[in-house]
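The values are calculated or read from the model by the stated rules, or taken from the named source; none is laboratory data. Small disclaimer: the values here were computed from a predicted structure and weren't measured. Positions of Cβ are backbone-derived with ideal geometry, glycine not excepted, and every protein chain shown enters the neighbour counts.
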Amino acid sequence: MRDDGIPSDGITRWLPDFCVLPVVAAVMLVAELVVLVIVISPSPQGFSVDRLLFATVFGEWLALCCLVCLCRMRPIWRRLKPLPGVVAALFAVTAIAALASLLVKLIDAGAGLGLTEGDGDRLEFVASTTLITLLVAAALLRYYYVRAQWQRETRAQAKAQVVALQARIRPHFLFNSMNTIASLIPSRPKDAERAVEDLSELFRAALAAGEGMSTLGEELELIDRYLAIEALRLGDRLRVDRDIASMPADLAIPSLLLQPLVENAVLHGIQPLPGGGTVEIRGTTTPERVDLTIRNPRPQVAPAYARGNRTALENVRQRMRYHYGERGKLEVDAGDGYYQVAVSIPRA
Amino acid sequence: MKVLIADDEPLARERLAALLAELPEVQLVGQAVDGREAVLRAEELRPDCVILDIAMPVLDGLEAARHLAQIENPIAVIFCTAYDEHALAAFEASAVDYVVKPVRRERLVAALERARRFTGERFRMPIAPGQAAQRRTHICARLRGNLKLVPVSDILYFLAEDKYVVVHHVGGEVLIEESLKALETEFADRFVRIHRNCLVATERLGGLKRTPDGRMFADIRGAEAPLEVSRRNLPSLRKLVKAL
């Protein structure tokens, strides 16, 4: 299941709260509409105001009974899976309709009012009332389900866009790179030129992040461009060990999904170490999945300037969840002196 | 004016050095690759001004500035950072100015001018109250006239003696002029009071034992002898040792 902030507790994810006024009003309106349809539709007794009044009172009373019951059932739904939850709700509604119609028929017969005389005998009346209630309830549940689904879809989409926007490159990186380029221009103009090209590629990708998919090949190239700039900045303190030759370059993945993980490795792992270290990027491919691990050494104590910055990782996690649901995996292994992130993506 | 620059990025140092070389009244006396080296070289070279990067390994620029403030003749600190989110913290650490990367020549000249005036007046910047909230990663001390930076993670215990506090660490001991009370507050999460005159690193606490004459001692891993525990601190220390 895609997570979008709504707690995953079965049927209550999409079923409305029947205890609140707007829902009560909506259900009662639907009950009245059904009553009107039944009363207006051609029948041997024909239309009469008496019949409409009686049917309205009966219909609304039935609707209220069902609402109270559904409202009370909420704690039970919380513990049930969607399908048993729906079955339980429909069963409760059916039982109420059967009991209520039986009760009305008995009272009517006992008091001799003859209000239900034209509606067939006892069995017929109970059966038709129950069936109508069941059908209307099922239609309503279906409506709420579709509406919740649609709302969730819209919300998830909006969220994914926001998250992608947040994945854009950090200002620190921009200004540090500009500084690097400024110092390269007089002494090593060729390197400066290449750095400008690399930086442009990265920003082009960052500005387009959230607008769709890229390919694994492009993403790995972005990582290379990023590392090329950081290598200029950090000198020989940054060493990179890549083993990604076997990766399927044409696999579609969300743009700028992986680069932030490598940026984290450099920022929190290599930069705070006086002697630097090696960022290891390893990829393995199976017919079903692509796995990528990024591993870096890290200092015992996180420096103050880099502390508490887990937003990038959280960002990647959320985007993975949005795009792959349960099939995407992101695992963090933070051991003594090292940090490793393992990403696993389905190929289909 | 003698200037020292500290930045962990070789190209950033190169650029700053090139800019400074164009200024006739400035003499670049040295370069440091991290905050720790900046403090030690500043002690040795006595520059008038240190230009400090903030994001540096071992000791970041903000903490380095606090240690620089303890060197006898005042040193003007200019922070040089890629992005100005640190500006407020920079001024709390009593910098005379801060410049952003890539540094403009005119901006650097203006900052150095402020630094020159600062050294001219020869006053010590007051330590801002906000600083106490930031814990140091190193303790700065003087050993036979030389400045020494001891990583807090290497410290076994602090022992108060007369006007000084003796810092016992893995590599020996140094004297500092700070109060035990202030140290206790600053490092409340790493050190525990076991006696009126003693603070011990929690992670180095061993067991407690009682001598025949009824006095309590705590074993400190890495220390030569156990330290006495006062009656007052015993109950809370017992709880702590049990929890370890």
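Among the numbered criteria (1) among the small types (Gly, Ala, Ser); (2) farther than 26 Å from A:Leu267 by Cβ; (3) in contact with a strand residue (DSSP E or B) (Cβ under 7 Å, 6 or more places away or on another chain), which one does B:Ala18 miss?
(3)
Let's see how each residue does on (1) touching a strand residue (DSSP E or B) at 6+ places or on another chain (Cβ under 6 Å); (2) in contact (Cβ under 8 Å) with a residue 24 or more places away in the chain; (3) not acidic (Asp, Glu):
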site	(1), (2), (3)
A:Glu201	no, yes, no
A:Leu216	yes, yes, yes
A:Arg225	no, yes, yes
A:Arg233	no, yes, yes
A:Arg239	yes, yes, yes
A:Ala249	no, yes, yes
A:Asn264	no, yes, yes
A:His268	no, yes, yes
A:Gln271	no, yes, yes
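Run down A:Leu36, A:Leu64 and say which single residue is at pLDDT 90 or above, assigned by TED's automatic domain parsing to the domain that holds A:Gln149, touching a Leu at 6+ places or on another chain (Cβ under 9 Å) and among the hydrophobic types (A, V, I, L, M, F, W, C). Please lay out each step first, then the result.
Values: A:Leu64 fails: touching a Leu at 6+ places or on another chain (Cβ under 9 Å).
Matching residue, one of A:Leu36, A:Leu64: A:Leu36.
Report, by residue number, each residue of the range A:180-199 that is within 13 Å of chain B (Cβ to nearest Cβ), under 19 Å from B:Ala17 (Cβ atoms) and free of Cβ contacts under 8 Å to residues at least 40 places away in the same chain.
Selection gives A:Ile181, A:Ala182, A:Ser183, A:Ile185, A:Pro186, A:Ser187, A:Arg188, A:Ala192.
Consider only pairs whose beta carbons are under 8 Å apart and that are at least six residues apart or on different chains; among these, list those whose first residue lies in the range B:199-215 and is of a type in the set (S, T, N, Q) and whose second residue is outside any loop (DSSP other than H, G, I, E, B).
B:Thr202/B:Phe191; B:Thr202/B:Val192; B:Thr202/B:Leu240; B:Thr211/B:Phe217
Return the residues of the range B:182-224 that are assigned to a helix (DSSP H, G or I) and farther than 13 Å from B:Ile155 by Cα; say none if nothing qualifies.
If the condition is that a residue be assigned to a helix (DSSP H, G or I) and farther than 13 Å from B:Ile155 by Cα, then B:Ala182, B:Glu184, B:Thr185, B:Glu186 are the ones that fit.
Taking the criterion of being surrounded by 15 or more Cβ atoms within 10 Å (Cβ to Cβ), more than 11 Å from chain B (Cβ to nearest Cβ), touching a Leu at 6+ places or on another chain (Cβ under 9 Å) and not in a helix (DSSP H, G or I), would at least one residue in the range A:235-246 satisfy it?
Within the range A:235-246, one or more residues are surrounded by 15 or more Cβ atoms within 10 Å (Cβ to Cβ), more than 11 Å from chain B (Cβ to nearest Cβ), touching a Leu at 6+ places or on another chain (Cβ under 9 Å) and not in a helix (DSSP H, G or I).
Scanning for something in the same structural domain as A:Arg239 (by TED's automatic domain parsing), over 20 Å from the mean Cα position of the chain (by Cα) and over 21 Å from B:Glu9 (Cβ atoms), does the range A:322-333 turn up at least one residue?
The answer is yes; a qualifying residue exists.
Among the residues of the range B:44-86, what is the count of those that are in a helix (DSSP H, G or I), more than 14 Å from chain A (Cβ to nearest Cβ) and over 13 Å from the mean Cα position of the chain (by Cα)?
2
Would you point out the residue of the range B:1-40, among those that are part of a loop (DSSP other than H, G, I, E, B) and of a type in the set (A, V, I, L, M), that is nearest to the other protein chains (Cβ to nearest Cβ)? I'd like the intermediate steps shown before the answer.
Filtering the range B:1-40 for residues part of a loop (DSSP other than H, G, I, E, B) gives B:1, B:7-9, B:22-26, B:33-34.
Those left that are additionally of a type in the set (A, V, I, L, M): B:1, B:23, B:26, B:33.
Values: B:Met1: 22, B:Leu23: 16, B:Val26: 18, B:Val33: 7 Å.
By that ranking, first place goes to B:Val33.
Please name all residue pairs, on different chains or six or more residues apart, with Cβ atoms under 6 Å, provided the first residue is in the range B:96-117 and is away from every other protein chain (no Cβ under 14 Å) and farther than 10 Å from B:Cys80 by Cα and the second residue is surrounded by 14 or more Cβ atoms within 10 Å (Cβ to Cβ) and aromatic (Phe, Trp, Tyr).
Pairs found: B:Val96/B:Phe118.
Taking A:Arg321 and the conditions (1) among the basic types (Lys, Arg); (2) within 19 Å of B:Ala55 (Cα to Cα); (3) touching a Lys or Arg at 6+ places or on another chain (Cβ under 7 Å), which numbered condition does it fall short on, given that it satisfies the others?
Only one criterion in (1) among the basic types (Lys, Arg); (2) within 19 Å of B:Ala55 (Cα to Cα); (3) touching a Lys or Arg at 6+ places or on another chain (Cβ under 7 Å) is unmet by A:Arg321, namely (2).
Filtering the range B:192-208 down to residues that are within 24 Å of the chain's Cα centre (by Cα) and more than 15 Å from B:Ala223 (Cα to Cα), which residue is surrounded by the fewest Cβ atoms within 10 Å (Cβ to Cβ)?
Here the residue is B:Asn197.
Can you tell me which residues in the range A:15-47 are in contact (Cβ under 8 Å) with a residue 60 or more places away in the chain and under 31 Å from the mean Cα position of the chain (by Cα)? Can you show your working first?
Within the range A:15-47, the subset in contact (Cβ under 8 Å) with a residue 60 or more places away in the chain is A:15-16, A:27, A:30-31, A:34, A:38, A:43-45.
Once the filter is applied, which keeps residues that are in contact (Cβ under 8 Å) with a residue 60 or more places away in the chain and under 31 Å from the mean Cα position of the chain (by Cα), the range A:15-47 yields A:Leu15, A:Pro16, A:Val27, A:Val30.
Got a sec? Which of A:Leu267, A:Leu330 is surrounded by 13 or more Cβ atoms within 10 Å (Cβ to Cβ) and farther than 20 Å from A:Asp236 by Cα?
None of the other options fit; the residue is A:Leu330.
Can you list residue pairs whose Cβ atoms sit under 6 Å apart, with the first residue in the range B:152-163 being more than 14 Å from chain A (Cβ to nearest Cβ) and the second being among the basic types (Lys, Arg)? Count only pairs 6 or more apart in sequence or on different chains.
Taking only residues 6 or more apart or on different chains, the pairs are B:Leu156/B:Arg204.
So A:Leu99 passes all but one of these: (1) surrounded by fewer than 19 Cβ atoms within 10 Å (Cβ to Cβ); (2) within 39 Å of the chain's Cα centre (by Cα). Which condition number does it fail?
(2)
Scan A:Val93, A:Val146 and give me the residue that is among the hydrophobic types (A, V, I, L, M, F, W, C), surrounded by 16 or more Cβ atoms within 10 Å (Cβ to Cβ), under 37 Å from the mean Cα position of the chain (by Cα) and within 20 Å of A:Val27 (Cα to Cα).
That would be A:Val93, the only listed residue that is among the hydrophobic types (A, V, I, L, M, F, W, C), surrounded by 16 or more Cβ atoms within 10 Å (Cβ to Cβ), under 37 Å from the mean Cα position of the chain (by Cα) and within 20 Å of A:Val27 (Cα to Cα).
Against the conditions (1) within 14 Å of chain B (Cβ to nearest Cβ); (2) part of a helix (DSSP H, G or I); (3) out of contact with any Pro (no Cβ under 7 Å at 6 or more places or on another chain), where does A:Tyr226 fall short? Just the number, please.
With respect to (1) within 14 Å of chain B (Cβ to nearest Cβ); (2) part of a helix (DSSP H, G or I); (3) out of contact with any Pro (no Cβ under 7 Å at 6 or more places or on another chain), A:Tyr226 is out only on (1).
If the Cβ limit is 7 Å and pairs must be 6+ apart or interchain, which residue in the range B:45-68 that is outside the structural domain of B:Val109 (by TED's automatic domain parsing) and buried (at least 24 other Cβ atoms within 10 Å of the Cβ) pairs with which residue that is modelled with pLDDT of 90 or more and in a loop (DSSP other than H, G, I, E, B)?
No pair meets every condition.
Return the only residue of A:Thr130, A:Thr154 being outside the structural domain of A:Leu267 (by TED's automatic domain parsing), at pLDDT below 90 and not hydrophobic (A, V, I, L, M, F, W, C).
A:Thr154
Do we find a residue being more than 18 Å from A:Arg51 (Cα to Cα) and over 41 Å from the mean Cα position of the chain (by Cα) anywhere in the range A:117-124?
Yes.
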